[in-house]
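Quick notes on the structure that follows.
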Amino acid sequence: MVEKAIGEIKEIEFPSPGQILRQRTVSHKGFMIGAIVLILIFTMALLAPVISPHDPYHQDLSKRMINPIWHADGTWKHPLGTDNLGRDYLSRLIYGARISLFIGVSAMVISGIIGIFLGVIAGYFGGRVDMFVSFVITTRLSMPVVLVALAVVALIGGSLNVIIWVLGLLIWDRFAVVMRSSTQQLRSIDYVYAAKAIGCSTTRILLTEVMPNILNNLIVVATLEIAHAILLEAALSFLGMGVQPPLPSWGLMISEGREFMLFSPWIITIPGVVLSLLILSINLMGDGIRDITAPEGRS
Amino acid sequence: MFYYTLKRLSLAILVAITVSLLTFMLLRLSGDPAIALAGENATPEEIEVVRHQYGLDRHIIIQYANWARKALRGDFGVSPYFNQPVENIIGGRLGITMTLGGCALVFAICLAVPMGVLAAIRPNTWIDRVALTISVIGQAMPSFFFGLILIIVFGVILRWLPISGSSTWRHFILPAIALGYYATPAIMRLTRSGMLEVLASDYIRTARAKGLKHGVVLFKHALRNAIIPVVSLLAVQFGFMLGGSLVIETIFAINGVGFLGYESISRTDLPMVQAIVLLVSMFYVVLTFFSDLLNAFLDPRIRVA
């Protein structure tokens with residue numbers, strides 16, 4: 001009897017951290033929806049040359065403004081219709097995903113490097129360094145992003161690289177703010193003291209003790225900043241001072257379709273809805289990651 | 001409180017000086033502003049005349065000092081496009097942008113605060129879910145796309161409201177919604193989390209135990225405390241709105257500062273762009289300064305930190 005009872009106790013297994021994480025991930029609806037949509041859009045961007053039915057730059061003036069398939073006169077040859085220059089709308093939409101994702105990720109990397117550096121040194125060293133960094137953040141926050149980005153892009157000319165750099169140099173504020181407060185919380189925790197006591201260099205403490213522990217927050221901010229950069233690029237392109245024609249940026253497609261939106265609303269709603277879906281999926285994933293990685297009992 | 005005010009004020013002034021310097025430098029990125037001012041077909045002699053006229057032949061620091069000294073007195077130079085003082089043109093348009101920003105803020109508050117409160121009273125019910133959906137969509141939809149959708153639905157299909165210009169109050173409805181909706185997610189989330197936190201606190205339980213009415217507890221005790229951080233967020237959001245109104249004003253052809261900024265950027269009207277960027281930044285600096293003070297006034301704990 002006794003032996004049997006012990007045997008039963010042995011069979012109770014506690015879930016490993018990995019299993020808990022997996023279980024939380026799968027049961028988080030927002031994260032799963034966001035992840036699926038994002039993966040779809042990402043695959044679409046990756047396979048653009050394979051899956052797009054036409055060349056996104058090929059103009060055919062004899063086939064201008066064909067309606068999408070849900071209209072009575074739509075054809076399967078152009079499922080989403082054609083624009084005012086007779087370019088296949090679906091192909092432009094697919095290639096547009098490449099531009100949005102590329103700009104979003106690149107601008108996030110640049111702003112991340114700046115923001116993480118400023119935030120971590122401000123949070124870790126405190127005192128004067130913190131005061132200086134806080135001052136820089138305040139200064140940056142008081143400059144209107146859209147206005148400054150527009151002015152700079154207009155002055156030095158819009159190209160993919162210029163936009164990535166301008167956005168990257170402008171939107172590091174959230175990285176800096178979040179990294180600063182996360183690092184501040186870690187500064188006086190025992191394992192950082194322990195690392196100091198055994199004589200680790202500051203660089204080593206920052207890289208091997210601080211960084212891994214602020215990684216969760218970092219990933220959340222990074223996803224939100226990708227969304228932010230994509231939205232700003234779309235706004236700049238919409239205003240004619242971002243990605244230049246004939247590149248198929250979604251913001252630019254909305255801008256080019258504006259003239260025709262009264263008679264063919266689909267010409268702006270298609271890129272607009274896809275753009276909103278992309279931002280939505282990234283935001284859902286960001287929020288999901290925050291919930292999933294949050295300590296037990298907090299969400 | 002006095003020491004805190006002094007500290008905040010000196011920070012605000014330092015930020016203002018830095019921003020003005022940055023703005024000034026930024027617009028010289030284009031290379032030679034004299035060429036831009038003189039126009040495309042100008043001869044080298046004409047460019048020289050322009051260069052001297054605008055003082056562009058002097059050292060950049062002296063140029064900045066001169067510009068800043070005049071700007072402090074409200075003199076931002078002459079716009080080459082309008083051939084009039086910059087401050088006169090901006091002055092005439094500022095009222096429109098302020099009206100738009102004010103309407104947008106009112107719309108955002110009227111939508112976000114009740115939704116946030118309702119969501120907090122009944123967490124995890126359908127009300128909470130509707131509020132969450134509104135805020136998630138608000139964050140995902142670009143403001144220019146939302147503006148265009150409003151134009152198509154209410155201006156073209158239903159023909160309820162005018163879609164372009166700023167002559168009557170009805171012209172401000174759609175742009176105010178488009179601009180204000182963008183600010184709702186942040187306000188709603190903060191109201192909701194603030195209310196949730198306050199409703200779980202001891203003094204609310206005490207108030208309920210005393211037998212106070214539900215409404216009194218909710219509005220007099222809970223909301224008043226939960227709303228403090230929201231007030232300072234509103235100041236910040238208003239600052240953002242003035243910057244973001246550029247897109248909305250452009251879509252609805254509203255003759256405000258934002259539209260003026262967009263047009264001035266398109267025609268490289270440098271003195272105008274400089275003045276507008278500085279104006280919007282200064283507005284933000286002043287707003288955050290006052291919201292910091294307000295916060296410290298309402299919550300004594302902040303003053304000490």
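The values are calculated or read from the model by the stated rules, or taken from the named source; none is laboratory data. Please read these numbers as outputs of a predicted model, since none were measured by experiment. FYI the Cβ positions are ideal-geometry reconstructions off the backbone, even for glycines, and counts take in every protein chain you see.
Name the single residue, out of those in segment B:244-260 being at the interface with another protein chain (Cβ under 9 Å from one of its Cβ atoms) and in contact with a Ser or Thr (Cβ under 9 Å, 6 or more places away or on another chain), that is nearest to B:ILE89 (Cα to Cα). Among them, the one singled out is B:GLY258. B:LEU294 falls short on exactly one of the conditions (1) surrounded by fewer than 18 Cβ atoms within 10 Å (Cβ to Cβ); (2) over 21 Å from B:ILE96 (Cα atoms); (3) within 14 Å of chain A (Cβ to nearest Cβ); (4) aliphatic (A, V, I, L, M), and that condition is (3). Of all residues in segment A:127-172, those satisfying the criterion of being free of Cβ contacts under 8 Å to residues at least 40 places away in the same chain and away from chain B (no Cβ under 13 Å) are A:GLY127, A:ARG128, A:VAL129, A:ASN161.
Checking each residue of segment A:173-196 against the condition of being surrounded by 15 or more Cβ atoms within 10 Å (Cβ to Cβ), modelled with pLDDT of 85 or more and not in a helix (DSSP H, G or I) gives no match.
Selection of first residues in segment A:91-118 that are farther than 22 Å from A:MET211 by Cβ and of second residues that are crowded, with 24+ Cβ neighbours inside 10 Å and of a type in the set (Ser, Thr, Tyr), restricted to Cβ pairs under 7 Å at least 6 apart or on distinct chains, gives the following pairs, ordered by first then second residue: A:GLY96/A:SER249; A:ILE99/A:SER249. Has segment B:212-234 got any residue that is surrounded by fewer than 23 Cβ atoms within 10 Å (Cβ to Cβ), outside any helix (DSSP H, G or I) and at pLDDT below 85? Yes, because at least one residue in segment B:212-234 is surrounded by fewer than 23 Cβ atoms within 10 Å (Cβ to Cβ), outside any helix (DSSP H, G or I) and at pLDDT below 85.
Could you list all residues from segment A:256-266 that are among the hydrophobic types (A, V, I, L, M, F, W, C), at the interface with another protein chain (Cβ under 10 Å from one of its Cβ atoms) and surrounded by 18 or more Cβ atoms within 10 Å (Cβ to Cβ)? Working first, answer last.
First, pick out the residues of segment A:256-266 that are among the hydrophobic types (A, V, I, L, M, F, W, C): A:260-263, A:266.
With the extra rule that they be at the interface with another protein chain (Cβ under 10 Å from one of its Cβ atoms), the set shrinks to A:261-263.
Result: A:MET261, single match.
A quick yes/no check of all residues on (1) in contact with a strand residue (DSSP E or B) (Cβ under 9 Å, 6 or more places away or on another chain); (2) part of a loop (DSSP other than H, G, I, E, B); (3) of a type outside the set (Ser, Thr, Tyr); (4) more than 30 Å from A:ILE219 (Cα to Cα):
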residue	(1), (2), (3), (4)
A:HIS54	yes, yes, yes, yes
A:TRP70	no, yes, yes, yes
A:ILE94	no, no, yes, no
A:ILE103	no, no, yes, no
A:VAL109	no, no, yes, no
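The listed residues are A:MET241, A:MET253, and the only one of them that is within 8 Å of chain B (Cβ to nearest Cβ) and either over 15 Å from the mean Cα position of the chain (by Cα) or surrounded by fewer than 21 Cβ atoms within 10 Å (Cβ to Cβ) (or both) turns out to be A:MET241.
Between residues in segment B:86-101 that are free of Cβ contacts under 8 Å to residues at least 24 places away in the same chain and residues that are of a type outside the set (Gly, Ala, Ser) and part of a helix (DSSP H, G or I), which pairs lie under 6 Å by C-beta distance while being six or more apart or on different chains? If the second residue must be of a type outside the set (Gly, Ala, Ser) and part of a helix (DSSP H, G or I), no pairs are left. Residues that are away from every other protein chain (no Cβ under 11 Å) and buried (at least 17 other Cβ atoms within 10 Å of the Cβ) were ranked within segment B:2-34; the one that is modelled with the highest pLDDT is B:PHE24.
Filtering A:ILE99, A:ILE51, A:ILE41, A:ILE103 for residues that are modelled with pLDDT of 80 or more, in contact with a helix residue (DSSP H, G or I) (Cβ under 9 Å, 6 or more places away or on another chain) and surrounded by fewer than 18 Cβ atoms within 10 Å (Cβ to Cβ) leaves a single hit, A:ILE51. In summary, B:ILE163 fulfils each of the numbered conditions (1) within 14 Å of chain A (Cβ to nearest Cβ); (2) in contact (Cβ under 8 Å) with a residue 60 or more places away in the chain; (3) part of a helix (DSSP H, G or I) with the single exception of condition (3). From the list B:ILE265, B:ILE254, the lone residue that is buried (at least 22 other Cβ atoms within 10 Å of the Cβ), assigned to a loop (DSSP other than H, G, I, E, B), modelled with pLDDT of 80 or more and among the aliphatic types (A, V, I, L, M) is B:ILE254. Contact map, segment A:205-232: first residue in a helix (DSSP H, G or I), second residue surrounded by fewer than 20 Cβ atoms within 10 Å (Cβ to Cβ) and among the hydroxyl-bearing types (Ser, Thr, Tyr), Cβ cut-off under 7 Å, separation 6 or more or different chains; pairs are A:GLU209/A:TYR191; A:ASN216/A:THR293.
Would you mention how many residues in segment A:72-92 are part of a loop (DSSP other than H, G, I, E, B) and of a type in the set (S, T, N, Q)? Total meeting the criteria: 2. Scanning segment A:267-295 for residues that are small (Gly, Ala, Ser) and within 8 Å of chain B (Cβ to nearest Cβ), we see that the one that is surrounded by the fewest Cβ atoms within 10 Å (Cβ to Cβ) is A:SER276. Going through (1) more than 12 Å from chain B (Cβ to nearest Cβ); (2) more than 24 Å from A:GLY168 (Cβ to Cβ) one by one, A:ALA222 falls short only on (2). Within segment B:137-156, restricting attention to residues that are more than 7 Å from chain A (Cβ to nearest Cβ) and among the β-branched types (Val, Ile, Thr), the residue that is surrounded by the fewest Cβ atoms within 10 Å (Cβ to Cβ) is B:VAL153. For B:VAL273, the test of being under 16 Å from the mean Cα position of the chain (by Cα), within 13 Å of chain A (Cβ to nearest Cβ) and not basic (Lys, Arg) is failed. For segment B:199-206, the criterion of being in contact (Cβ under 8 Å) with a residue 60 or more places away in the chain, over 18 Å from B:LEU246 (Cα atoms), surrounded by 23 or more Cβ atoms within 10 Å (Cβ to Cβ) and out of contact with any Ser or Thr (no Cβ under 9 Å at 6 or more places or on another chain) is satisfied by no residue at all. Confirm whether A:LEU169 is more than 27 Å from A:GLU259 (Cβ to Cβ) and in a helix (DSSP H, G or I). Answer is yes for this residue.
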